[in-house]
1. Given the criteria farther than 16 Å from residue 101 by Cβ and free of Cβ contacts under 8 Å to residues at least 12 places away in the same chain, does residue 81 qualify?
2. Quick check on my filter: what residues within the range 84-104 are crowded, with 20+ Cβ neighbours inside 10 Å, touching a residue at least 24 places away in the same chain (Cβ under 8 Å) and not in a strand (DSSP E or B)?
3. Report yes if residue 32 is surrounded by fewer than 17 Cβ atoms within 10 Å (Cβ to Cβ), closer than 20 Å to residue 117 by Cβ and in contact with a helix residue (DSSP H, G or I) (Cβ under 7 Å, 6 or more places away or on another chain), otherwise no.
4. Residues of the range 35-51 being in contact (Cβ under 8 Å) with a residue 24 or more places away in the chain and either surrounded by 14 or more Cβ atoms within 10 Å (Cβ to Cβ) or under 13 Å from the mean Cα position of the chain (by Cα) (or both), which ones?
5. Looking at 24, 54, 18 in this structure, which one is loosely packed, with under 13 Cβ neighbours inside 10 Å, touching a helix residue (DSSP H, G or I) at 6+ places or on another chain (Cβ under 8 Å) and touching a residue at least 24 places away in the same chain (Cβ under 8 Å)?
6. Which ones in the range 51-64 are outside any strand (DSSP E or B) and at pLDDT 95 or above?
7. I'd like the full set of residues that are within 16 Å of the ligand (Cβ to nearest atom), surrounded by 15 or more Cβ atoms within 10 Å (Cβ to Cβ) and assigned to a loop (DSSP other than H, G, I, E, B), limited to the range 66-83.
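The values are calculated or read from the model by the stated rules, or taken from the named source; none is laboratory data. A quick note: this is a predicted structure, and the numbers were derived from the prediction, not measured. Here the Cβ positions follow ideal geometry from the backbone for every residue, glycine too, while neighbour counts run over all protein chains shown.
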Ligand SMILES: [Zn+2]
């Protein structure tokens, strides 16, 4: 079961690699994914919009696993053995779908920094505070 934070990280990485999320006939992708180490306002707005419409309606282009399924007990997010990107994996199973990177030419490009998520400084602060209270 992937947490919402993990699913956001998964999307952020693939948005930066040029993938979008499929919603019916539409493909959604923010222009700017991260800003100064945080998720961009555009990314956060897009996530909120997806949550409001229901994560079961959205899935990463090139996969057939909805974002809601990723948050269910049956699925988790692991690391692609080819490009180290986050990929859906069935819990207690093996990966049967190819990584979404399969149709990207010139991928992985090890000359460039790999896509990454945001540093969640709020969660870090909460951890520090929890430690101080102990
Ligand atoms: Zn891959």
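1. Details: farther than 16 Å from residue 101 by Cβ: no; free of Cβ contacts under 8 Å to residues at least 12 places away in the same chain: yes.
Judged against the criteria, residue 81 is not a match.
2. Passing the criteria: 85, 100.
3. On the way: surrounded by fewer than 17 Cβ atoms within 10 Å (Cβ to Cβ): yes; closer than 20 Å to residue 117 by Cβ: yes; in contact with a helix residue (DSSP H, G or I) (Cβ under 7 Å, 6 or more places away or on another chain): yes.
Yes.
4. Of everything in the range 35-51, those that are in contact (Cβ under 8 Å) with a residue 24 or more places away in the chain and either surrounded by 14 or more Cβ atoms within 10 Å (Cβ to Cβ) or under 13 Å from the mean Cα position of the chain (by Cα) (or both) turn out to be 38, 39, 43, 47, 50.
5. Working: 54 fails: touching a residue at least 24 places away in the same chain (Cβ under 8 Å); 18 fails: touching a helix residue (DSSP H, G or I) at 6+ places or on another chain (Cβ under 8 Å).
Exactly one of 24, 54, 18 is loosely packed, with under 13 Cβ neighbours inside 10 Å, touching a helix residue (DSSP H, G or I) at 6+ places or on another chain (Cβ under 8 Å) and touching a residue at least 24 places away in the same chain (Cβ under 8 Å), namely 24.
6. 51, 52, 53, 54, 55, 56, 57, 58, 61
7. Within the range 66-83, 80, 83 qualify.
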